[in-house]
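Encoded as structure tokens, the structure appears first; notes follow it.
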Amino acid sequence: MEQQRVTVTGCTLSLRRGGSGEPLLYLHGANGAPVELPFMTALAGDFDLLVPEHPGYGASDDPEWLDTIQDLAYFYLDFIKHLGLEGVHLAGSSMGGWIALEMAVRNTAAIRTLTLSAPAGIHLKGVPKGDLFMWSPEETLRNLLHDPQMAEDAIAAMPEGLEADPVFLKNRSTAAKLLWSPRLYNPHLYKWLHRIDVPTLIVWGREDKLLPVAYAEAFAKLIPGAETAILDHCGHLPYLEQAGRFVELLRGHVARETAGREKAGAAPKVNP
Amino acid sequence: MKFFCFHLMAYADLDLSFIEKHPTAWTTLPNSYYDPEKGHRLYNRYLDELEYAEELGFDGVGVNEHHQTAYGMMPSPIVIASALMRRTSRIKIAILGSALPLRDHPLTLAEEHAMIDNITGGRLISGFVRGIGAEYHTFGSIPAFSHERFHEAHDLIIEAWTRPGPFAFEGKHYHFQYVNVWPRPYQKPHPPIWIPSQGSQETIDWAAHPKRKYTYLHTFSPLPAAAKYMQAYRDSAERQGYQSSPEQLGWAVPIYVGASDESARVEAKPHFEAFRNRFLKMPIEMLLPPGYTSVSSMQRMAAVKKSLTADITIESAMELGMILCGSAATVRDQLVEHQKMLGFNNLLTLLHFGTLPEELTRSNMELFAREVMPHLRPLGETGESADPAEPGETGAT
């Protein structure tokens, strides 16, 4: 994938883009997307994959106007328009899934499908979430990954002095701004999830310690026609812990939408 | 020099073995560790100690605000200041300070402080702080907006105290249609404002601004850091076009005076170490939530993470100048020297810390008041301008 700079609404983003096919916009979670991961390489084989670093993250600008997840939702609707993308397959993990949901309740004109991996965004009373802001980097990996060996390997591979790394600190600060309160949700989002009118797949690790799997069922009830895929032996990050399975699920979801569209002979949704 | 008796009101009866099961005495330590019977006795003992400070000739008392912790039993310094204001008649009451950004309605602070100022006839000193990192976890307040909220709340309170009401205050975080605080403060234009801090250039530049000239109170940290930041204040004032006075600087430090250097060290040791290594201890994620300080400050803090969280002995703390401990003569000599180096006029003595029992606290207060204080009084006063020495190489805190 190629590294690019793109300026939208006065904010310059660091964008990783690669592959060809229908556009797939992947929105990363709270910890950012500093490197190309195997699932991205795999998806770039089927799609024109776009992985931006969010405003306030990594090498992207930290704009004055950024205060909430809703700001990012409007921003990425602008981003799609600015790049002239149509029929976008929109995917996101955790916080990125929440941004995707906030976009979809606003406007799905340019969105063809949604694939959400353990998205934040709503709150279930009495279902405690993990407190990611109390976790050290080591605890974070142990809590997000179900496979203890994988967690220990990731800890061993952690760069020296991570906690003093300016990009790590910038990402954490932006995450705190967007997620701290109300913690990982928008109290009004659930009321409008019925507006989502594109095929939606919800992927969840059964052993998720940040957002318990009970949320998958809640989202499935709130989003019309949403399908769920619950992964055994998997924590909060299916794209990392079960990358192959995650890619396969996303491809399958898109393929079903494509088949449905072809069968119906429908014109692309962008120009109904 | 002016002398304040500063109290943190630790829950001294805490079972210190908590540390085997819990990482910290803040935010998440179960409140089943708190016994209201013991708390009742401690509150009244501590209030007696602060009242005794007036009798002993201190110029003021200092109280502060911390939430959900055994470190201090003053979630509301307003309550403690209120309990003291009618039982004292001469001394200043310094609230060091109220945590502005933690309030969703900082107008209530403008009201409460103004009430105390009116009732005491102008004995209030208002301290403004942001609250420590752990308190952002406690209140769910977004640490990344802490600075913005602090500055807005500050502006709101100052305007509420100085502008004729009613007027509208239109901020990003605080927006009120009718600002019209009753009572107006007793002191003109408002109570003196102190800024307790462990040192940051931004805070110092802001406090030293000619429009504000707020007293910078440097709190518990190694002596070289205190020297560095007090010098930074003087430099900042000079850059901003004036010479600051020693009255604009304060130093808060634990002090223990005993019969001899050796007996003082032995008496203070377990109580100081409980204060520093048990009551104060917290994981860095709690101390410095993301966005609480600028990325560059965070970087500096993360680099010295070990020294922030590691246990220290009273001996090394004495070496670092984090506590003054010894006979009256020793403490006196140290303070003369430190005052000369730091150039402050306000000394905030922490004469109780951690688990220090009542008897030792009282004898500490008495020895300090009778054998140390009188010798230091003339230092730093206007007229005898302090002669700040060049501070040595400094360590971050």
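Per-structure values
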| read-out | value |
| --- | --- |
| Peptide B:292-303, shielding by other chains (average Cβ, 10 Å cutoff) | 4 |
| Number of partner chain Cβ atoms within 10 Å, mean per residue of B:347-355 | 0 |
| Beta bridges by DSSP in region A:1-85, antiparallel share as percent, to the nearest 5 | 80 |
| Rounded to 5, percent antiparallel among DSSP beta bridges of region A:2-263 | 30 |
| Accessible area (Å², 1.4 Å probe, nearest 10) - A:His123 | 80 |
| Average partner coverage of A:176-183, which counts Cβ from other chains inside 10 Å | 5 |
| Accessible surface of B:Lys172 - all protein chains present, 1.4 Å probe, nearest 10 Å² | 110 |
| Stokes-Einstein D (µm²/s) once Rh is taken as the Kirkwood radius of the protein assembly as shown over alpha-carbon pairs, at 20 °C in 1.002 mPa s | 78 |
| Neighbour cut-off at most 12 other Cβ (10 Å), DSSP loop, trypsin sites (Lys or Arg not before Pro), region A:120-153 | A:Lys125 |
| Dipole-positive endmost among A:Ala214, A:Gly18, A:Gly92 within region A:2-263 (Cβ charges, Cα centre) | A:Ala214 |
| Longest segment of chain B lacking chymotrypsin sites (Phe, Trp or Tyr not before Pro) that sit in a DSSP loop with at most 15 other Cβ atoms within 10 Å | B:35-241 |
| The protein assembly as shown, dipole about Cα centre (Lys/Arg Cβ +1, Asp/Glu Cβ -1), debye to the nearest 20 | 1540 |
| Size of charge dipole - chain B - debye, nearest 20, with Cβ of Lys, Arg +1 and Asp, Glu -1, no other charges | 720 |
| Positive-end residue of A:Val51, A:Pro148, A:Ala164, charge dipole of chain A with Cβ unit charges | A:Val51 |
| Computed helical MRE - 222 nm, chain B, DSSP H runs ≥ 4 contributing -39500 (n - 2.57), nearest 500 | -12000 deg cm²/dmol |
| Three-way shape label, region A:2-263, alpha-carbon gyration tensor, a/c 1.5 | rounded |
| Antiparallel bridge percentage (DSSP; both residues within the protein assembly as shown; nearest 5) | 20 |
| Residues A:Trp192 and B:Asp235, FRET efficiency given R0 of 60 Å [Cβ-Cβ distance, rounded to 0.05] | 0.65 |
| Point-charge dipole on Cβ atoms (K/R +1, D/E -1) for region A:2-263, about Cα centre, debye to 20 | 920 |
| Sorted peptide list for B:35-41, A:43-49, criterion being average Cβ within 10 angstrom, highest first | A:43-49, B:35-41 |
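The values are calculated or read from the model by the stated rules, or taken from the named source; none is laboratory data. Everything quoted here is computed from the prediction, not taken from an experiment. Using ideal geometry, Cβ is built from the backbone for each residue, glycine included, and neighbour counts are taken over all protein chains shown. What goes into the accessible areas is simple: the full protein's heavy atoms, side chains included, and nothing from ligands, DNA or RNA. Shrake-Rupley method; radii C 1.70, N 1.55, O 1.52, S 1.80 Å.
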